[in-house]
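The values are calculated or read from the model by the stated rules, or taken from the named source; none is laboratory data. All values derive from a computational prediction rather than experimental measurement. FYI the Cβ positions are ideal-geometry reconstructions off the backbone, even for glycines, and counts take in every protein chain you see.
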Amino acid sequence: MGLLSKPDLIAALSRLGELALERGDRVELLRLGDSAMVLVFDARESTKDVDVVVLSPEAARVRELAQIVATERNWPADWLNDAA
């Protein structure tokens, strides 16, 4: 996997939300670092991962969903970094 562009991030996070809704959950994340610079401020073109603080549901459930997204997109499992 190379760097993740804004369209990549939007698609992956949208898919994460879709998967959560299918399970009756709603994912709430606080984005930090480079991904926030890419998504919110357009200050960077890309990032290697998405640094987040998981607000809900519990982090283990979000990691499980992130793994599904990683598999679907052929990305590393740690594309969503909740150890920020």
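Worth a mention:
- The residues of segment 21-47 that are surrounded by 13 or more Cβ atoms within 10 Å (Cβ to Cβ), within 21 Å of TRP75 (Cα to Cα) and of a type outside the set (S, T, N, Q), listed by number, are VAL27, LEU29, ARG31, LEU32, GLY33, ASP34, ALA36, MET37, VAL38, LEU39, ARG44.
- Figure legend. Inter-residue proximity from segment 29-49: first residues over 15 Å from ALA12 (Cα atoms), second residues surrounded by fewer than 15 Cβ atoms within 10 Å (Cβ to Cβ) and of a type in the set (Ser, Thr, Tyr), beta-carbon distance below 7 Å, spacing 6+ or different chains. Indicated pairs: GLU45/SER5.
- Hey, ASP8 in contact with a strand residue (DSSP E or B) (Cβ under 6 Å, 6 or more places away or on another chain), at pLDDT 95 or above and charged (D, E, K, R) or not: no
- Residue check for LEU80: out of contact with any Ser or Thr (no Cβ under 7 Å at 6 or more places or on another chain), closer than 16 Å to ALA11 by Cβ, without any contact (Cβ under 8 Å) to a residue 40 or more places away in the chain and of a type outside the set (S, T, N, Q): no
- Residues in segment 1-15 that are over 9 Å from the mean Cα position of the chain (by Cα) and surrounded by fewer than 13 Cβ atoms within 10 Å (Cβ to Cβ): MET1, GLY2, PRO7.
- Within segment 62-81, considering residues that are within 20 Å of LEU3 (Cβ to Cβ), of a type in the set (D, E, K, R) and modelled with pLDDT of 95 or more, the one surrounded by the fewest Cβ atoms within 10 Å (Cβ to Cβ): GLU72
- Given (1) among the acidic types (Asp, Glu); (2) under 13 Å from the mean Cα position of the chain (by Cα); (3) surrounded by 14 or more Cβ atoms within 10 Å (Cβ to Cβ), number of the condition GLU18 does not satisfy: (3)
- Residue list for segment 48-61, filter: more than 21 Å from LYS6 (Cβ to Cβ) and surrounded by 15 or more Cβ atoms within 10 Å (Cβ to Cβ): VAL54, PRO57, ALA59, ARG61
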